[in-house]
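A.B. asks: If you scroll down you'll find the structure; I have some questions about it.
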Amino acid sequence: MKKALFAAAACVAVAVAAPAFAGEVFVGAYKHDVTFVGNAVGLGAAGREDGVDIHLGYRTDKIESLRFLGKPQVHAMISINSENTSNFVAAGFDWHIELGKPGGFYLRPGMGLAYTDGETGLPPVNEPGLTQAEIDRRLKLYNTRIDFGSKVLFEPELALGYQFNDRWSGELSYVHLSNGQIFHQGKNQGLDDAGVRLVYKF
């Protein structure tokens, strides 16, 4: 997790150092590894892990120079799991899209990259010659841990927010992690987080 913390600190430091960016900070509480009906067709996570994720993050102001990308904000965040299973850091772009008049409801889609300290490459349960104790150990891992396949993952997200005033906003938020069969070929169980976060604008 040291590398992950260093990466998150570096992302935040770069963003804060840019004098043109006012930015905002956020904190959120999420259900870790939520499940969806789409699991049967490979969407979402397998519901193996438990606990609550605390998300701490920073966003820059809109980057005017990236007009060709729709003036995105840059986000950097860290997610800490209460059961100490799959923690991660992430950084990427997101877009604040007003729904009607400014100052009310808005959408916030985003896309980034993440690094997790979760499991990758869990050993197969059906390998020949295993003792019953080893089979039981591997079966427990299979049933209780996500096999991401890769430490580096895609991080798409979507939020529905409401701006209470000039400083404070609240968001219903969904964050997904998976390798997309690009960073790894094979296992791609992924992680889905759903929760709420509070946003403070400087």
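A.B. asks: Show the residue pairs meeting these rules: Cβ distance below 8 Å; 6+ apart or different chains; first residue within region 166-194 and without any contact (Cβ under 8 Å) to a residue 40 or more places away in the chain and of a type in the set (Ser, Thr, Tyr); second residue surrounded by fewer than 20 Cβ atoms within 10 Å (Cβ to Cβ) and in a loop (DSSP other than H, G, I, E, B).
C.D. replies: Ser178/Asn188
A.B. asks: Here is a further query. Quick one: which residue in Leu130, Leu113 is hydrophobic (A, V, I, L, M, F, W, C) and under 17 Å from the mean Cα position of the chain (by Cα)?
C.D. replies: Leu113
A.B. asks: A further question follows. Identify, please: which residue in region 4-63 is closer than 25 Å to Trp95 by Cβ and among the aromatic types (Phe, Trp, Tyr) and is, among those, modelled with the lowest pLDDT?
C.D. replies: So the residue we want is Phe21.
A.B. asks: May I ask you to say which residue of Gly195, Gly161 is part of a strand (DSSP E or B) and within 16 Å of Gly47 (Cα to Cα)?
C.D. replies: Going through Gly195, Gly161 in turn, just one is part of a strand (DSSP E or B) and within 16 Å of Gly47 (Cα to Cα): Gly195.
A.B. asks: Can I ask one more? Quick one: Arg138 ticks every box in (1) crowded, with 16+ Cβ neighbours inside 10 Å; (2) at pLDDT below 95; (3) in contact with a strand residue (DSSP E or B) (Cβ under 7 Å, 6 or more places away or on another chain) bar one, so which box is it?
C.D. replies: Evaluating Arg138 over (1) crowded, with 16+ Cβ neighbours inside 10 Å; (2) at pLDDT below 95; (3) in contact with a strand residue (DSSP E or B) (Cβ under 7 Å, 6 or more places away or on another chain) leaves (3) as the failure.
A.B. asks: Could you give me the residue pairs with C-beta distances under 6 Å whose first residue belongs to region 79-101 and is free of Cβ contacts under 8 Å to residues at least 12 places away in the same chain, whose second residue is not in a loop (DSSP other than H, G, I, E, B) wherever it lies, and which are 6+ apart or on separate chains?
C.D. replies: Once the first residue is free of Cβ contacts under 8 Å to residues at least 12 places away in the same chain and sits in region 79-101, its partners that are not in a loop (DSSP other than H, G, I, E, B) give Glu98/Tyr106; Leu99/Phe105; Leu99/Tyr106.
The values are calculated or read from the model by the stated rules, or taken from the named source; none is laboratory data. Bear in mind the structure is a predicted one, so any value in this text is a computation, not a measurement. Heads up, the Cβs are rebuilt from the backbone with ideal geometry, glycines too, and the neighbour counts pull from every protein chain shown.
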